[in-house]
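The values are calculated or read from the model by the stated rules, or taken from the named source; none is laboratory data. Remember, predicted model here, so these are calculated numbers, not experimental data. Heads up, the Cβs are rebuilt from the backbone with ideal geometry, glycines too, and the neighbour counts pull from every protein chain shown. For accessibility, only protein heavy atoms count, side chains too; no ligands or nucleic acids. Shrake-Rupley method; radii C 1.70, N 1.55, O 1.52, S 1.80 Å.
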Amino acid sequence: MPRRLLVPALSLVLALSVGPAAPVAHVDAAPGCDSFETPALRDPATPTFPFGEHQMTVEEIDAYLTAVDTASDRVMTAEAAKSVKGTSLRYAVVGTPEHLADLAGIKSRLALLQDPLADEAEVAAAAEDTPAILWVAANVHGGEESGADASLHALYELASRSDCVVDQILANALVVILPTQNPDGREIGQRRNLNGFDMNRDWFARTQPETDGKLDVVREYPPTLFIDAHEFGLADYFFPPNADPEYHEIPDQAHEWINEKYSPAIVSQFTKEGIKFFHGAPYDFFAVVFGDTVPATAYGAAGMTFEKQSSDPISEREHEHFTSIWASLAAGAAEGPQMLLDWHQSWVDAYEEGVEGKLEGNAVFEPKHKLFQNVPDLTVRGYFIANDADRAYETQLLIRRLQRMGVEVRQLTASLALADFHPYGDDGRSAVMPAGTYWISMAQAKKHWIQAMLNEEVWIPFDVTYDVTAWSNPLLMNLRGGWSGDVVTSTNWATVGEQAQPHWTETAEAEPGVLLLENDRSTRGYESAGQTDYLFDLWGLPFDHEFVSEFPVTATSLAPYDVVVLPDGFANYALQDLGSKGKKALRDWVNSGGRIVAWQGGALVASRAGISTAQFSTSNTNAPGALVRVSLDPSSPLADGVGATDWVMYQDDDVMKPGLGRAFATFPSSSSDDFATSGLTLGINALAGTAAVADEAVGQGRVVSFSFDPNFRAWTQGTQRLLWNAIVGSDPAFVGTAPLAGSKERAAAEKAALDSAAKVVDFGSAIRVRVKAADAAATAKILARHGAEVARVDLGGEVLFLVANRKDLSAEESTLFAPIIRNLEKAGIDVLAASVP
């Protein structure tokens, strides 16, 4: 099925109208049965709520779900998960009484429809007797409340009405409504959950209890439509079509439904009501980590993000979200059995591609965009993951993740010779896979998901994106493995049974006293510290968590601790809070044998406080969330259980040189055998020879500095092991032999570190825009009109602009990123790359 081009972005679909109903339907649309204009016939006994009069509290949401469940035979509610705080995430399943009584049968028939080898007559019968599953989820960001209110408004309409509109929806669909995915964040008006995670970026990793439980329910009720309702900082409403880039393994059917079914239905009603809207930037469809791309890639659903300006009155926010939700439900249900037949065919297509080892190609869909990378002509029929004893934790975690999304994992019971094997990061060759190796065949319904999770490279089709550009699970976990195009005929394998959640079993020889010191006046600091807190709990590592703005850093307060952990955050805030006395106390503590483990902004704090001599400079790369393989010093205790290389999640982080320390982990040059990358890595060779991790003796103590986040979103199990070793591992032989911090012997190196740190452009999560040198002057004028602080870096034939983003706003929250990109494109400027870390 060829993928069809998007209608021109941002002018967009205004001329489109909803297409005719599918030829087969459980209940045909009655003539004149308009989704919005048909008079509602209501059951007055159905509980209601003054939707849009005020933002509902979590307590009111739960009370309403309970009331409707009690009163209506069309509604069943249940718990998807519990939040970090222990609050229930409740959802509703809405359908006819007959459908709700037949849930077991519906789930069985949906499983049949997902089977690409099912008998076609059975498929046709199942499609005729089975409702499609349409999902409405909201409030994954706690401070984006109105989607939850609107979803409950839709629940009320579905439960209370007995007219042609609702009759058709409920005859042809089950609607699953999850009003709030982040109740803890909603209660305090916070985007993230209580662990500091942005859960819209947790979908494949499932680190948080809210995400993990939700995805179990999504698998139980596999969607053909998944709506994720948000709020943002822009004036007009957003819904797809999405911007470039789009991940190449997004199923064609999902792409077509989004752009040719649901978007026109919303456009039609928004145009009637005069609601202003837009499509495209900053909302691409690339990273398979979100509440739209994951349902699309894993379940073949039309994954759709809706966004409404957060500063508008609740009445307006609730109404516009309800309008887009209602238009979508009506459009999805109008298909009847044809939707499920098309859904089944999507699984058949995926399976057949897997048999052939065919990867889907890349495309750009917006006018004037040029294809940046195409998918090469590779044959990929299967992935193989080594069964390494020293990676048992990571391997079990990976296998469990795949299985819980419906992927069959096999294990070889005898060795297997491959003529064509491509180890991750290395050249292809023949190889023998030993017995015990895990084999994930691409000849499965979940072929798209397998490629998304196990890929070596993503081949981004367009180089302007707003989140990470690499997420390969084996690379994140630093697992040995790779892919093959061979046709495997061996029967020497067995299906792997369901894996349990693995538990961290590493132990420290001597348990250190650990202080996690959070840079709490920085959003990055809050996220980084919260995610570190989560990791330490996962490890079972005892620690104290204190805030640098409140904790008195003195000789007495530091005395109980062996290790101080300084996570990311704006260095200037932490330095101000430490003050001269705090910096001196920390310096004296290290001189006396203390150990600092720090990364990103925390490492900059150690340098500016006169403790570490690591030198930093602003990077000139454009690598927003790319995986880069680094070389390790195998003689260091930091390498214990890791090996000679590891994969780093690099986000255009500051460049680090080790000063008087030693570069334990080094970015190799492109000519090195160790060099390998995944994702968008423009200019990455500028890092060659610089330190990813520096290990420095300071007096009797030690500072371990990471230029990157070793616990990025808790995804990076590979570099988490480096962090574990840095905190609990033994000191290398050179520690305890260095001059004291602040001594004459270190003066020159400390001055060089301070001078370099002072030159770092600390703009927070800066927006990075790269253009040709010839376009630099015009770009500077456009940026100046937006009133943001800007730094310019000349790179010969190109110029990199850094735009201040000190509040660490994501691309969704930012009121700058999308308008900047649009204005540059309107001006005819070729944006070579743009991103928000």
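Of F51, F285, which has the most accessible area with a 1.4 Å probe, and how do the rest follow in descending order? Present the calculation step by step, with values, prior to reporting the outcome.
Details: F51 35, F285 0 Å².
Per-residue accessible area, sorted high to low, gives F51, F285.
What does the extension gain come out to for Q501 and T489, with contour length at 0.36 nm per residue minus their alpha carbon separation?
Details: separation 12, 0.36 × 12 = 4.32 nm, distance 3.16 nm.
Extra length from Q501 to T489 when fully extended: 1.2 nm.
Give the carbon-plus-sulfur fraction of the accessible surface of the range 648-807 in %, rounded to a whole number; probe 1.4 Å, heavy atoms of protein chains only. Spell out each step's value before the answer.
Working: 2960 of 5880 Å².
Taking all protein chains in place, the range 648-807 shows 50 percent carbon and sulfur surface.
One quarter of the convex hull surface, Cα atoms only: what value does that give for the range 640-687 in nm²?
4.3
Per residue of the chain, what 222 nm ellipticity follows from adding -39500 (n - 2.57) for every DSSP H run with n ≥ 4, rounded to the nearest 500? Let's see the in-between values first.
Numbers: 24 runs with 264 residues, N = 837.
It comes out at -9500 deg cm²/dmol, rounded to the nearest 500.
Find the relative contact order for the chain and round it to a whole percent, using C-alpha pairs within less than 8 Å whose residues are 6+ positions apart.
Numbers: 1987 pairs, mean separation 91.6, N = 837.
It comes to 11 percent, rounded to a whole number.
Specify the angular offset, from 0 to 90 degrees and rounded to the nearest 10, of the alpha carbon long axis of helix 523-539 from the longest principal axis of the alpha carbons in the chain.
That helix lies at roughly 90 degrees to the long axis.
Label-point separation (nm) for A510 and E128, each offset 7 Å from Cα along Cα-to-Cβ?
In this crude label model, A510 to E128 measures out at 7.6 nm.
Sorted by accessible area (1.4 Å probe), largest first, how do M76, M453 line up?
Values: M76 60, M453 5 Å².
Ranked list, largest accessible area first: M76, M453.
May I ask you to give the solvent-accessible area per residue for the chain, in square angstrom, as obtained with a 1.4 angstrom probe? Working shown, then result.
Values: 28240 Å² over 837 residues.
For the chain, the per-residue accessible area is 34 Å².
List the chymotrypsin sites (Phe, Trp or Tyr not before Pro) within the range 689-753 that DSSP assigns to loop and that have no more than 16 neighbouring Cβ atoms inside 10 Å. Don't skip to the end; give the middle numbers.
Numbers: sites: F706, F708, F712, W715, W724, F734; in loops: F708, W715, F734.
Listed in order of number, the matching sites are F734.
Which log10 I(q)/I(0) values does the range 314-366 give at q = 0.17 Å⁻¹ under the Debye formula, counting every alpha carbon as one identical point scatterer?
-0.80
Between D236 and R785, with labels modelled 7 Å along Cα→Cβ, what's the label distance in nm to one decimal, could you check?
Going by the 7 Å Cα→Cβ label model, 1.6 nm.
Would you kindly state how much longer the chain becomes between E316 and I188 on full extension, computed as 0.36 nm times their sequence separation minus their alpha carbon distance, in nm to one decimal? Kindly include the intermediate steps, with their values, before the conclusion.
On the way: separation 128, 0.36 × 128 = 46.08 nm, distance 2.19 nm.
Taking 0.36 nm per residue and subtracting the Cα distance, the gain is 43.9 nm.
Ignoring everything but the protein chains, give the 1.4 Å probe accessible area of K751 in square angstrom, nearest 10.
The accessible area comes out at roughly 120 Å².
Using alpha-carbon positions, what is the distance between the centroids of the range 616-685 and the range 488-562, in Å?
After rounding, the separation between the Cα centres reads 22 Å.
Please report the carbon-and-sulfur percent of the accessible area for the range 311-434; probe 1.4 Å, protein heavy atoms only, DNA, RNA and ligands left out. Walk me through the numbers on the way to the answer.
On the way: 2250 of 4720 Å².
Answer for the range 311-434 is 48 percent, counting heavy atoms of protein chains only.
Can you compute the charge dipole magnitude of the range 589-726 about its Cα centre, using +1 on each Lys and Arg Cβ and -1 on each Asp and Glu Cβ, nothing else charged? Give it in debye, rounded to the nearest 20.
Numbers: 8 positive and 11 negative charges, 58 e Å.
Approximately 280 debye in magnitude.
How big is the Kirkwood radius of the range 215-373, worked out from every pair of different alpha carbons and given in Å to one decimal? All intermediate terms of the calculation are to be shown ahead of the outcome.
Details: mean 1/r = 0.0607 Å⁻¹.
Here the Kirkwood hydrodynamic radius works out to 16.5 Å.
Could you give the length gained on full extension between V432 and A389, defined as 0.36 nm per residue of separation minus the Cα-Cα distance, in nm?
Numbers: separation 43, 0.36 × 43 = 15.48 nm, distance 1.83 nm.
Extra length available between V432 and A389 comes to 13.6 nm.
Tell me the carbon and sulfur percent of the accessible area for the range 502-630, rounded to whole percent, probe radius 1.4 Å. Don't jump to the answer; show the numbers that get you there.
Working: 2080 of 4560 Å².
Reported share for carbon and sulfur atoms: 46 percent.
Please identify which residues in the range 148-172 have an amide N closer than 13 Å to a label point set 7 Å out from the Cα of K272, following the Cα→Cβ vector.
165
What is the Å³ per residue value for the convex hull set by the Cα atoms of the range 394-485? Walk me through the numbers on the way to the answer.
Values: hull volume 10.8 nm³, N = 92.
Cα convex hull per residue, to the nearest whole number: 118 Å³.
May I ask for the equivalent-ellipsoid semi-axes of the range 781-837, computed as the square root of five times each C-alpha gyration tensor eigenvalue and listed largest first in whole Å? Could the numbers behind the result be given before it?
Working: eigenvalues 64, 40, 25 Å².
Largest first, the range 781-837 gives 18, 14, 11 Å.
Can you tell me how the range 709-781 classifies by the Cα gyration tensor, rounded, prolate or oblate, using a/c under 1.5 as the rounded cut? Can you show the working numbers first?
Details: a/c = 4.05, a/b = 1.47, b/c = 2.75.
Cα axes put the range 709-781 in the oblate bin.
Just by accessible area at a 1.4 angstrom probe, what is the order of E246, E825 from largest to smallest? Walk me through the numbers before you get to the answer.
Working: E246 15, E825 65 Å².
Order by accessible area, largest first: E825, E246.
Expressed as a whole number of Å, what is the distance separating the alpha-carbon centroids of the range 58-126 and the range 138-213?
If we compute the Cα centre of each part, the gap is 14 Å.
Give me the percent of DSSP beta bridges within the chain that run antiparallel, rounded to the nearest 5. The partial results should precede the final answer.
On the way: 74 of 115 bridges.
Here the share of antiparallel DSSP bridges comes out near 65 percent.
Past 27 Å, Cα to Cα: identify those pairs from K370/K657; K781/K807; K370/K826; K214/K807; K276/K447; K85/K276, in the order given. It would help to have the intermediate numbers written out before the result.
Numbers: K370/K657 37 Å; K781/K807 23 Å; K370/K826 16 Å; K214/K807 29 Å; K276/K447 38 Å; K85/K276 38 Å.
Over 27 Å Cα-Cα: K370/K657; K214/K807; K276/K447; K85/K276.
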